[in-house]
Amino acid sequence: MKCYVVDAFTDTVFKGNPAAVCVLDEWLPADLMQEIAKENNLSETAFTVRNGEDYDLRWFTPGGEIDLCGHATLATAYVLLRFFEPNRDVVSFYTLSGVLTVERKGDLYEMDMPAYKLKRVPVTAEMEEAIGFRPLEAWMGRDLVCVLENEDQVIQAAPDKEKVGNLDGVLLQLTAKGKDYDCVTRSFAPKLGVWEDPVCGSGHCHVIPLWAEKMHKTDFHAFQASQRTGELYCRMEKDRVLIAGKAALYSVAEIFLPEKL
């Protein structure tokens, strides 16, 4: 089975967020896909199977299956539209988060993703202790979103892994208004076996609706301030977030599956 590794939200290898992509003829057992994700040891491994004109898509972190992953969706669309269906520019995926459509627009891949509904929650001492800075605001969707005072705090934050793991929410998203970008974000996922996610598409399905409400605008040039960095071009459309980014192919490998599955 071929396994592609694609750096998403960048046009340069060694930046953005790497995702492994496995294109299957039929589904493997879930425990085997989980083991492959552990072996790859990337924040996400995507598995996709053709379904009529479209595809089914699932995402596995080293710690378990997840309901939504932006960068691995972008990476999967890149692989399919480059290597399997180069004459197409649009591909749709059936996922745990509904139908996700990706459209190739030049060197950008634009994903149509659901916006998470956020509920404001109290800022707590536990949040401050976990992050190292006291958030101005805290919001809860799938993830805990903490709004910090400025982008310098987002960049300088050195969260405590154990304390972050004790906070509510699947991931912790730290975000602030940017200087050169509309917003700057970092994403942490110790509960999923990933400490810092290099670029988090589903995280921007949290932070973009939040900043759209605060800034009264719909178009955003967003920056992920991880060590690898990444750029996202985002747009709000009602209850959807359109997230576009570039992609760079790092490797194509062959996985030797066990003879008895």
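The values are calculated or read from the model by the stated rules, or taken from the named source; none is laboratory data. Because the structure is a prediction, the values reported are computed rather than measured. Every residue, glycine among them, receives a Cβ derived from its backbone with ideal geometry; neighbour counts consider all protein chains shown.
Scanning the stretch 20-35 for residues that are part of a helix (DSSP H, G or I) and touching a residue at least 12 places away in the same chain (Cβ under 8 Å) returns 30, 32, 33, 34.
Assess whether residue 93 counts as being at pLDDT 95 or above, surrounded by 21 or more Cβ atoms within 10 Å (Cβ to Cβ) and either over 24 Å from residue 239 (Cα atoms) or not assigned by TED's automatic domain parsing to the domain that holds residue 212 (or both). Yes: the conditions hold for residue 93. Meeting the requirement of 3 or more residues that are in contact with a Leu (Cβ under 8 Å, 6 or more places away or on another chain) and modelled with pLDDT of 95 or more, the helices (runs of 4 or more DSSP H) wholly within the stretch 118-203 are 125-131. When 175, 185 are checked against the criterion of being touching a residue at least 40 places away in the same chain (Cβ under 8 Å), among the polar types (S, T, N, Q) and touching a strand residue (DSSP E or B) at 6+ places or on another chain (Cβ under 6 Å), 185 stands alone in meeting it.
Restricted to the stretch 101-117, and to residues that are part of a strand (DSSP E or B) and hydrophobic (A, V, I, L, M, F, W, C), which residue is surrounded by the fewest Cβ atoms within 10 Å (Cβ to Cβ)? Reasoning before the result, please.
Residues of the stretch 101-117 part of a strand (DSSP E or B): 101-105, 108-114.
Going one step further and asking which of them are hydrophobic (A, V, I, L, M, F, W, C), we end up with 102, 108, 111, 113.
Details: 102: 23, 108: 14, 111: 25, 113: 26.
Top of the filtered list is 108.
Could you tell me whether any residue of the stretch 229-240 is polar (S, T, N, Q) and either part of a strand (DSSP E or B) or surrounded by fewer than 23 Cβ atoms within 10 Å (Cβ to Cβ) (or both)? Within the stretch 229-240, one or more residues are polar (S, T, N, Q) and either part of a strand (DSSP E or B) or surrounded by fewer than 23 Cβ atoms within 10 Å (Cβ to Cβ) (or both).
Scanning the stretch 63-99 for residues that are under 18 Å from residue 204 (Cβ atoms), part of a loop (DSSP other than H, G, I, E, B) and among the polar types (S, T, N, Q) yields a total of 1. Against the conditions (1) exposed (fewer than 15 other Cβ atoms within 10 Å of the Cβ); (2) part of a strand (DSSP E or B), residue 213 satisfies every one except (2). Looking only at residues in the stretch 1-10 that are at pLDDT 95 or above and not in a strand (DSSP E or B), the one that is surrounded by the most Cβ atoms within 10 Å (Cβ to Cβ) is 9.
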